[in-house]
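Report on the structure given below.
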């Protein structure tokens, strides 16, 4: 048996790879203390990037003025972001993309329509038809 335990060995034994304490829940990889430290480090990183005017997602490109992400990261955050327009029923600015044939794999622009979350829900509950 090796003297130093690898990350995978610790994970198999359900121990935190950083402090070797058993996490509180089975699906957690790290203990609460290490999770909190990682979350605080992520917050510090985002604050530092925001102060430097960089994208908080990739950290490489200049963020768009008034936003925290660059245009490339904002466009790539959702595969349907280029199809987002105001709701076709009420004109609400924030919209979901609805697949007319209800097939998530069919991303043909003729199959996609913009709906606000309320109308999107009504369509899926079959209380509203397009």
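One table, with the values for the structure above:
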| quantity | calculated |
| --- | --- |
| Test: residue in the range 5-23 that is in contact (Cβ under 8 Å) with a residue 24 or more places away in the chain and part of a loop (DSSP other than H, G, I, E, B) | no |
| The range 24-64, subset outside any loop (DSSP other than H, G, I, E, B) and in contact with a strand residue (DSSP E or B) (Cβ under 8 Å, 6 or more places away or on another chain), residue modelled with the highest pLDDT | 54 |
| Pairs where the first residue, in the range 56-73, is touching a residue at least 24 places away in the same chain (Cβ under 8 Å) and the second is assigned to a loop (DSSP other than H, G, I, E, B), C-beta under 9 Å, 6+ apart | none |
| Residue that is modelled with the lowest pLDDT [pool: residues in the range 65-84 that are surrounded by 14 or more Cβ atoms within 10 Å (Cβ to Cβ) and in a loop (DSSP other than H, G, I, E, B)] | 80 |
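The values are calculated or read from the model by the stated rules, or taken from the named source; none is laboratory data. Only a predicted model underlies this, so the values are computations on that prediction, with no experimental measurement involved. FYI the Cβ positions are ideal-geometry reconstructions off the backbone, even for glycines, and counts take in every protein chain you see.
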